[in-house]
Amino acid sequence: MWTPTLGRDKSVKSMKSKSFVTFFCFLIISSNLFGVSIADINLSHYKMPQSITDKFLGKCKIDELGLYNDDVCSIYMTEVDFYILGWSKDGKLAYIEEQTLESHHGCDLYFHIMDVVTDESVVLMEFKNYTKNYLNIKDFIKKNSSVFDAFLEEYKIELSLPQYEELPIKFRNEEISIKIDITGYDKETFVDLEIIKDFNVEAVKGDKTKVISYEKNRICNKVIPVGYVKSPYENRAAVIVIYSVYVFEDSEMFTLIYGCSLDYGF
């Protein structure tokens, strides 16, 4: 049986022991609010296309080893398995990220519920090297579906097939571009190169620009916006950003989500 770790993001709210016990009692009888369990879906239909990582890798050079390089290190694992599960009517988004990591020759999995109105993590569960005890991601999800179903019901998230789209965002016959403005740098001691520490995520429509989110002390080598998914309930998009960071003798890619109102702020 897996042991979840709540963490990896400074904005994640911790669970108190009392509510944690109550929550797991609730798991016994819980199911998704809309009558569909995560165990019953075809997870592959919720997976983002390979193009999200292709767009990131297209901004990288090829090094002398014949590998993609993010200007700091080679990138050995060239795919991020990323699944968008569904939205709530109040702007919460559930998704799963699976990471194949060379550092420990296994897979990590992150179950995440993000409030894309405030850009805060509501739930983040981390399962380190889960493939040691499960055949694959489908086996893992099925055998632990009650855990995920309970969170989906708590935050009123309906499982629904995502409609991934390439940037720029198309809205009312207009286009909204997403840009990264780097505002701070640090030094990577291992390779003695400058790396990114702080950045703003900006939405640009015509001659108007707004900052939709920002990161402080998010150490990374490269950060690229790659696509978006619109909410089925309101004029809001979840912008998908991929960044790379030095992990263990090389760089590996991770995913971030930022909310963007398509109506306001311009």
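The values are calculated or read from the model by the stated rules, or taken from the named source; none is laboratory data. Every value quoted in this text rests on a predicted model; they were computed, and no experiment measured them. Every residue, glycine among them, receives a Cβ derived from its backbone with ideal geometry; neighbour counts consider all protein chains shown. Ligands, DNA and RNA are excluded from the accessible area calculation, which covers all protein heavy atoms including side chains. Shrake-Rupley method; radii C 1.70, N 1.55, O 1.52, S 1.80 Å.
Only residues in segment 167-178 that are without any contact (Cβ under 8 Å) to a residue 40 or more places away in the chain count as the first member; pair them with residues that are of a type in the set (Gly, Ala, Ser) and assigned to a strand (DSSP E or B), Cβ under 9 angstrom, at least 6 apart or cross-chain, and list the lot.
Cβ pairs passing all conditions: PRO168/SER177; SER177/ALA203.
Do we find that THR189 is modelled with pLDDT of 95 or more and of a type in the set (S, T, N, Q) in this structure?
No; evaluated as a whole, the condition is false for this residue.
Considering each residue of segment 47-98, count those that are part of a loop (DSSP other than H, G, I, E, B), of a type in the set (A, V, I, L, M, F, W, C), closer than 23 Å to GLY259 by Cβ and at pLDDT 95 or above, and give that number. Give the steps one after another, and end with the answer.
Looking only at segment 47-98, we keep the residues that are part of a loop (DSSP other than H, G, I, E, B), and these are 48-50, 58-60, 63-67, 70-73, 76-80, 88-91.
Keeping just the survivors that are of a type in the set (A, V, I, L, M, F, W, C) gives 48, 60, 65, 67, 72-73, 77, 80.
From the residues that got through so far, the ones that are closer than 23 Å to GLY259 by Cβ too are 48, 80.
Subsequent filtering for residues that are at pLDDT 95 or above retains 48.
The number of residues fulfilling the criteria is 1.
Mind checking whether some residue in segment 97-117 is in contact with a helix residue (DSSP H, G or I) (Cβ under 7 Å, 6 or more places away or on another chain), closer than 24 Å to PRO162 by Cα, acidic (Asp, Glu) and touching a residue at least 24 places away in the same chain (Cβ under 8 Å)?
Yes, some residue in segment 97-117 is in contact with a helix residue (DSSP H, G or I) (Cβ under 7 Å, 6 or more places away or on another chain), closer than 24 Å to PRO162 by Cα, acidic (Asp, Glu) and touching a residue at least 24 places away in the same chain (Cβ under 8 Å).
So for segment 128-140 (the condition being in contact (Cβ under 8 Å) with a residue 24 or more places away in the chain and of a type in the set (Asp, Glu)), does at least one residue qualify?
no
Please count how many residues of segment 170-183 are over 18 Å from the mean Cα position of the chain (by Cα), β-branched (Val, Ile, Thr) and open to solvent by less than 50 Å² (accessible area, probe 1.4 Å). Reasoning before the result, please.
Filtering segment 170-183 down to residues over 18 Å from the mean Cα position of the chain (by Cα) leaves 170-177, 181-183.
Within this subset, residues satisfying the condition of being β-branched (Val, Ile, Thr) are 176, 182-183.
Subset that is open to solvent by less than 50 Å² (accessible area, probe 1.4 Å): 176.
Result for segment 170-183: 1.
Failed condition for LEU135, given (1) more than 17 Å from the chain's Cα centre (by Cα); (2) within 15 Å of SER37 (Cα to Cα), with all others met?
Going through (1) more than 17 Å from the chain's Cα centre (by Cα); (2) within 15 Å of SER37 (Cα to Cα) one by one, LEU135 breaks only (2).
What is the number of the single condition among (1) open to solvent by 30 Å² or more (accessible area, probe 1.4 Å); (2) in a strand (DSSP E or B); (3) closer than 24 Å to LEU124 by Cβ that GLU234 does not meet?
Every listed condition holds for GLU234 apart from (2).
Quickly run through segment 211-231 and pick out the residues that are out of contact with any helix residue (DSSP H, G or I) (no Cβ under 6 Å at 6 or more places or on another chain), surrounded by 15 or more Cβ atoms within 10 Å (Cβ to Cβ) and part of a strand (DSSP E or B).
ILE212, SER213, TYR214, GLU215, CYS220, LYS222, VAL223, PRO225, TYR228, VAL229, LYS230
Six or more apart or on different chains, Cβ atoms under 9 Å: show the pairs whose first residue is in segment 227-239 and farther than 12 Å from CYS260 by Cβ and in contact (Cβ under 8 Å) with a residue 40 or more places away in the chain and whose second is acidic (Asp, Glu) and not in a strand (DSSP E or B).
TYR233/ASP90
I'd like the residue in segment 128-159 that is modelled with pLDDT under 95 and part of a loop (DSSP other than H, G, I, E, B) and, out of all such residues, is least open to solvent (accessible area, probe 1.4 Å).
ASN144
I want to confirm something. Restricting to segment 184-203 and keeping residues that are within 22 Å of the chain's Cα centre (by Cα) and not charged (D, E, K, R), which single residue is most open to solvent (accessible area, probe 1.4 Å)?
Start the filter on segment 184-203 by keeping residues that are within 22 Å of the chain's Cα centre (by Cα), which leaves 195-203.
Now narrow it down to the ones that are not charged (D, E, K, R): 195-196, 199-201, 203.
Numbers: ILE195: 8, ILE196: 12, PHE199: 1, ASN200: 34, VAL201: 0, ALA203: 0 Å².
Top of the filtered list is ASN200.
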